[in-house]
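To keep things clear, I will list the structure first and then write my remarks on it.
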Amino acid sequence: MSRPQTRSEPGDTAKLRAAALETSRAVLILQREADERESRVQQELARQLAETNRARQALQLLLEEQRRVEAELRTAEQRYRILFDSAPDPVFLVDGDPDALGRILDVNELGASLHGYTREELLAMSISELDTPDSARHVPERMRRLLAGEALRFEVSHRRKDGSEFPIEVTARRTEIDGRPCILSYNRDITERKRVEAAMRETETRWRFALDGAGDGLWDWNVETGAVYYSRRWKSMLGYAETDLGDTIQVWRDLVHPDDLPAASVAVAEHFTGATKITYLEHRMRCSDGSWKWILARGQVVEWIGPGRPRRMIGTHTDIDQAKRQEAVQQTLLRRLDLVMRASRIGVWEWDLARQNLDWDDAMHALYGVTRAESRGTLPDFRSCVHPDDLELVDRTFAALVAGDDIHRFEFRIVRRSDRAIRVIEGNGHLLRDADGKPERLLGMNRDITEEKQAEAARRSLEEQLVQAQKMETLGTLAGGIAHDFNNILTGIIGCVELAGQQMQDRPDALDLLARARGAGMRARDLVKRLMLFARRAPDTGRNSLSLGRMLDETLPILVATLPSSIVLRCQKETGADEIFGDHGQIQQVVLNLCLNAADAIGPKQGHIEIELRPVEILPDDGLACAPGPALRLSISDDGCGMDPATQARVFDPFFTTKPEGKGTGLGLAIVHGIVHDHGGAIRLQSAPGAGCRFDIFLPRYYASEPAGEDVSPASTPEIVGAGRRVLLADDEEFVRCFAERILTGCGFVVDTANDGVEGARRFAAAPAAYALALVDLSMPGRNGFELIGDLRRLRPDLPAILMSGDHHRYDHTVGAADHPEFLELSKPFGIEELKSAIRRALAATATT
């Protein structure tokens, strides 16, 4: 600052200078103070200005920060609103203040449209107003838990503005806005999910029902937790009740057979690694009764946490125990079949049509006698083993197989290469086609049936013999029945003729006629006897030890005298035991009949008849209709005309003959057949047209010789004196009753007649003690002779009885021989003397007892 300029006197100069100096000093001091003050003020102002600048800068920064924050807030608001409004699910912001609990503070457009309200309408509402009454009851509790800091996820039912209800899933948590507690919730419409879940539950229900219906058990394994759902069928399959087992994977591990568990665990592990799409397990599981059952388990992972990390696996159990047992049985049967095929030498062959290669198994090579080294595997190689006569058949059969025919059985012969033996083969074949239906291979089997064919031939022979035996038995029965009836008729004829002869002693011409009639009757009786002999019903004339050698020695002279001189008769016998137990006359008749038949077959030309006697041993498989064992074979052969098969089939039939009419009765060979079989023997015939005949007679040998019975000469035959004694005569044939009554009356007996057994029993019962004799026929109506004699003997045990019959074998009843002391058998036809002889013997037997 500049000072003002003044004028001063010299005197006052010092004063002035002093004052000025003082003033200057004062001014300086003041100036300095002022400067100091100004400096301080300036410093203060500078400080304040700096502070102001700093404040301004701070304010500027604050303003800028505020603008930035406001911009960020606006951006965040925009982002919030964008996120809020564009959220994929409805979003609600609910007031958490106790005074306004549940009031909707904000909602996005999706939430508004989902509920059918505008945003403004919802902002005036509480969240509980959207809940259905049942869901609204739980709002306070859920708000309490949310405000306490718990995050919740739950399902509720909301109601739209139009009143319709729908399910939503809510995810909610607590938040704060401007220090104010709020609830932020995300709502998701789960209507479609609920529909899908319901459909899935229905599908699963149907699936489980189908599995239960099919008998399969269901399991659902939560691999993370180890929990397993086992269906009722799963448990009942093993015999367990629904509450018997737990719900963990350990249950399955404990039930699986220890031997099967490692393989099952490996299979499940491989499925977890993706090595298999579906797990198939066959293993045994323990049932409630301790037994083991085979189960087929199928399973698949349906939900994964990540690669190799399964979350859920479901599957089924199928009861395959029966199938496994059947499979085991089949395997056993297959093994047995293989053994049987090996034992029975059944060969299997296969022909590749494309390569023309024929493959044989070991059994086929053995069957054909061809080693593998010798076999070339070709069809010509096979054909070379076929019998030449059967090649055409085999070629036709193979052609039919290639054409598609299934040949179940055909037979052909082969010549076995190893030993050139002819064998009979049974074959079959089947055509196999490829995927296009074209013929690809032939497959079949061969079996050696040579022994079977031989056995079949032997069986047929035995069957033919059986048929022949049955035929002969039937014919014998028929012949016996005819003979019985004829004997009744002949009894009346012969008896009446004899009675007429007694009354016509003074008429020689009449006696001659009666004698001729009686002779005819006797010839008829002989014919009937032969029929009875054929039927093996002839009376047993007594069998003893019989030497066939001596019998032949006795018979040869008869034959030599009988046969024409053009026939040479030769006989060969082996020395040694040659005895049988038989009837001399019957066996001799066999030899005579066969030799006379042989002479007829030779005819007028030169010929030979050979008789041979040899001991043999009859075996069970010889096919003879007699017991096996030691036997004598009596063979009679000739070189005559022989017989064809048709004649051989009927040669033993009665009344069958190839001789001209009037030259033979046809009973000769029939009688031979009856005698031989009645002696327990058999006959074998060998013949062919132009090759002669050979009859082999087989008779059982007899070792224990028995002394021949004594030939007792008949005693004198005194006349019978009836002396008025009463006789019961019972017979259904009137002419027999008439003849017998005449004889008995002529002897002085009083005769009571009956035409059947019932009447005879009634007559006798009236006065049993009055009768001295009963003469009873065997075959009568009502009561047969055996039954009638039994009735009489019960009333009179000592009654003499005579049983008359034309066939005493007509009934299967064991009775005594003709000389049995209880009653006598009188064979029809009989004459006067035969009847009287029987009466004497019956009365004499009673007198001596």
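Listed values, structure above:
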item	result
Close pairs (6 angstrom Cβ cut-off, 6 or more residues apart or separate chains): in contact (Cβ under 8 Å) with a residue 24 or more places away in the chain in segment 97-121, outside any strand (DSSP E or B) and open to solvent by 50 Å² or more (accessible area, probe 1.4 Å) anywhere	Asn108/Asp85; Glu109/Asp85; His115/Arg160; Gly116/Arg160; Gly116/Lys161; Gly116/Asp162; Tyr117/Lys161
Test: Gly437 is open to solvent by less than 40 Å² (accessible area, probe 1.4 Å) and modelled with pLDDT of 85 or more	no
Criterion (touching a helix residue (DSSP H, G or I) at 6+ places or on another chain (Cβ under 7 Å), modelled with pLDDT of 90 or more and farther than 29 Å from Val301 by Cα) met by exactly one of Pro181, Pro167	Pro167
Hits in segment 752-807 - residues which are more than 60 Å from the chain's Cα centre (by Cα), of a type in the set (A, V, I, L, M) and more than 19 Å from Phe830 (Cα to Cα)	Ala754, Ala761, Ala765, Ala766, Ala767, Ala769, Ala770, Ala772, Leu792, Leu795, Leu799
Contacts under 8 angstrom Cβ, first residue in segment 593-604 being touching a residue at least 24 places away in the same chain (Cβ under 8 Å), partner surrounded by fewer than 21 Cβ atoms within 10 Å (Cβ to Cβ) and assigned to a helix (DSSP H, G or I), 6 or more apart	Cys595/Leu559; Leu596/Thr562
Some residue of segment 367-377 being closer than 21 Å to Ala421 by Cβ, surrounded by 12 or more Cβ atoms within 10 Å (Cβ to Cβ), touching a Phe, Trp or Tyr at 6+ places or on another chain (Cβ under 7 Å) and hydrophobic (A, V, I, L, M, F, W, C)	no
Some residue of segment 580-589 being more than 57 Å from the chain's Cα centre (by Cα) and either modelled with pLDDT of 85 or more or part of a loop (DSSP other than H, G, I, E, B) (or both)	yes
Near pairs, Cβ below 9 angstrom, 6+ apart or cross-chain, from segment 605-623 (more than 17 Å from Glu574 (Cα to Cα) and modelled with pLDDT of 90 or more) to any residue that is open to solvent by 70 Å² or more (accessible area, probe 1.4 Å) and in a strand (DSSP E or B)	His608/Arg570; Ile609/Arg570
Qualifying residue in segment 105-116 (condition: closer than 27 Å to Arg145 by Cβ and either at pLDDT below 65 or of a type in the set (Val, Ile, Thr) (or both))	yes
Contacts under 7 angstrom Cβ, first residue in segment 174-202 being farther than 21 Å from Arg159 by Cα, partner of a type in the set (Ser, Thr, Tyr) and modelled with pLDDT of 85 or more, 6 or more apart	Cys182/Thr175
Number of the condition not met by Arg413 [criteria: (1) assigned to a strand (DSSP E or B); (2) of a type in the set (D, E, K, R); (3) at pLDDT 90 or above; (4) surrounded by fewer than 11 Cβ atoms within 10 Å (Cβ to Cβ)]	(4)
Selection from segment 553-579 of residues that are open to solvent by less than 50 Å² (accessible area, probe 1.4 Å), over 11 Å from Ala599 (Cα atoms) and in contact with a strand residue (DSSP E or B) (Cβ under 8 Å, 6 or more places away or on another chain)	Leu556, Cys571, Asp578, Glu579
Enumeration of residues in segment 791-807 that are assigned to a helix (DSSP H, G or I), open to solvent by 10 Å² or more (accessible area, probe 1.4 Å) and not acidic (Asp, Glu)	Arg793, Arg794, Leu795
Boolean, Trp207 is open to solvent by 30 Å² or more (accessible area, probe 1.4 Å), at pLDDT 85 or above and under 30 Å from Glu327 (Cβ atoms)	no
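The values are calculated or read from the model by the stated rules, or taken from the named source; none is laboratory data. In this text, all values refer to a predicted model and were calculated from it rather than measured experimentally. With ideal geometry, Cβ positions are generated from the backbone for all residues, glycine too; neighbour counts draw on all protein chains shown. Areas reflect the complete protein model, heavy atoms only, side chains present, ligands, DNA and RNA absent. Shrake-Rupley method; radii C 1.70, N 1.55, O 1.52, S 1.80 Å.
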